[in-house]
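The values are calculated or read from the model by the stated rules, or taken from the named source; none is laboratory data. The shown structure was predicted, so the numbers you read here are calculated from the model rather than taken from an experiment. Using ideal geometry, Cβ is built from the backbone for each residue, glycine included, and neighbour counts are taken over all protein chains shown. Only protein heavy atoms, including side chains, enter the accessible area calculation; ligands, DNA and RNA are left aside. Shrake-Rupley method; radii C 1.70, N 1.55, O 1.52, S 1.80 Å.
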Amino acid sequence: GIPMEIIVGKMFKLEIWETLLSSMRAGEVAEFWCDTIHTGMYALVSRGMRRIAEGRDPLEGQKHRCGMGNMFDYHSTGYPDLDELQRTPQPLIFIMELFRVEEPSAYKRDTWAMSKEEKLAAVPVLHSEGNRLVLRKEFAQAAAKYQEAVICLRNLQAKEKPWEDGWLKLESLVTPLVLNYCQCQLELGEYYEVLEHTTELLQKHNDNAKAYFKRAKAHAAVWNEREAREDFLRVAHLDPSMAAAVKKELKQLGERMRKKHVEDRKRYQGLF
C-alpha cells in the first residue's frame, strides 16, 4: 500500500534494482528485462514483500541467518509460484515507477544503514534528544533515544578488540547512556529491565556507584531486601558523596519492608 524505499549503495538483495532505478527519472515508468544471473534472489525478496502486504512479519519463523540458510531449513518460501522459481530460475521482467529521489542528507537512515562516521555523529544528537524528553517526563520516548544511541556504539564496538583503546573509548560513551536508559525504566516501573542492564554493566565495571544505586532501587522495588541493602552499602563505600542519598533510601526501604511484613501477617492470619 506504500512505495518501497531503497537506499542505493547498501547492498540490497537484488542489486540489479539499484542499477535500474538509477537510470530512471522521477515520475517515469519503465520496463526492464533482466537475465537469470541478476534475478536469483527475487523469490526471497518477493516473499518478504508479500508478507508485508499481508500484514505479517517478513522474518516470521526465520532463524538468525541469511535468507538462503533459512531456505535450507524450511525448503519453501510458503508460496508455490516462488518455490517453482527457486527450482527453475528464469529471466524476469520488472515494471517500475520511480516516485521520488532524495539526497542522502535528506533521508533519515536507520542505525544499520549508517556509516561509522554517521553513527558517531548521531550519538550525541540522540543523547541530547533523550535528555530533552526526560525533562518533559516523556520517559518511554527518552529510553528509545538512549537505546538507539547505545545500539550505534555497540555496532562500532563489535569491530574493535575488547578492552583495547578503541573499544574502551566507545565503552566510556556507552556507560552513561545505559545509566540514563535505566533511570527511564525505573520511572516507568520496568524494574527487571533495570536489574538486567545494571548487572550486565557491573560485570564490566564493578566500581560504578551509579549502576549499583539504580540496581539497588530496582531490587527494593521488587522486594529483594537483602540485595537492595548490599547494593546501597556498596554505593556508600564507593562514593561517600552519595552517603546521604543512601541513608534516605535505606530508611525508606526499612519502612516499606516493615509495612509489608505487617500486611503479610494480617493476610496470613485471615487465611488460618
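Val150 - would you say it is touching a residue at least 24 places away in the same chain (Cβ under 8 Å), open to solvent by less than 20 Å² (accessible area, probe 1.4 Å) and part of a helix (DSSP H, G or I)?
no
The lone criterion from (1) under 17 Å from the mean Cα position of the chain (by Cα); (2) within 22 Å of Asp239 (Cβ to Cβ) left unmet by Leu153 is number (2). Whenever a residue of region 37-54 is of a type in the set (Phe, Trp, Tyr), its partners that are assigned to a loop (DSSP other than H, G, I, E, B), lying with C-beta atoms within less than 7 angstrom and at least six residues away or across chains, give the pairs Tyr42/Leu14. You will find that of Leu195, Leu202, Leu188, the residue that is open to solvent by 60 Å² or more (accessible area, probe 1.4 Å), within 21 Å of the chain's Cα centre (by Cα), modelled with pLDDT of 95 or more and among the hydrophobic types (A, V, I, L, M, F, W, C) is Leu188 and no other. Given the conditions (1) surrounded by 11 or more Cβ atoms within 10 Å (Cβ to Cβ); (2) at pLDDT below 85; (3) not in a loop (DSSP other than H, G, I, E, B); (4) not hydroxyl-bearing (Ser, Thr, Tyr), and given that Phe72 satisfies all but one, which numbered condition is not satisfied? Result: Phe72 passes all but (1).
Hey, can you tell me all the residues within region 117-150 that are more than 15 Å from the chain's Cα centre (by Cα) and polar (S, T, N, Q)? Ser128, Asn131, listed by residue number.
Of the helices (runs of 4 or more DSSP H) lying entirely inside region 154-259, those carrying at least 2 residues that are more than 24 Å from Ala142 (Cβ to Cβ) and in the same structural domain as Val134 (by the TED database) are 165-188, 225-238.
Taking (1) open to solvent by 50 Å² or more (accessible area, probe 1.4 Å); (2) touching a residue at least 40 places away in the same chain (Cβ under 8 Å); (3) closer than 24 Å to Ala209 by Cα in turn, Ser128 satisfies each apart from (2). Checking Trp17, Trp33 one by one, the residue that is surrounded by fewer than 11 Cβ atoms within 10 Å (Cβ to Cβ) and at pLDDT 90 or above is Trp33 and no other. Glu249 falls short of the stated requirement of being of a type in the set (D, E, K, R), out of contact with any strand residue (DSSP E or B) (no Cβ under 9 Å at 6 or more places or on another chain) and either crowded, with 22+ Cβ neighbours inside 10 Å or free of Cβ contacts under 8 Å to residues at least 24 places away in the same chain (or both).
Scanning region 86-125 for residues that are at pLDDT 90 or above, hydrophobic (A, V, I, L, M, F, W, C) and in a helix (DSSP H, G or I) turns up Leu120, Ala121, Ala122, Val123, Val125.
Considering region 79-98, and only residues there that are touching a residue at least 60 places away in the same chain (Cβ under 8 Å) and loosely packed, with under 10 Cβ neighbours inside 10 Å, the residue that is farthest from Ile52 (Cα to Cα) turns out to be Ile93.
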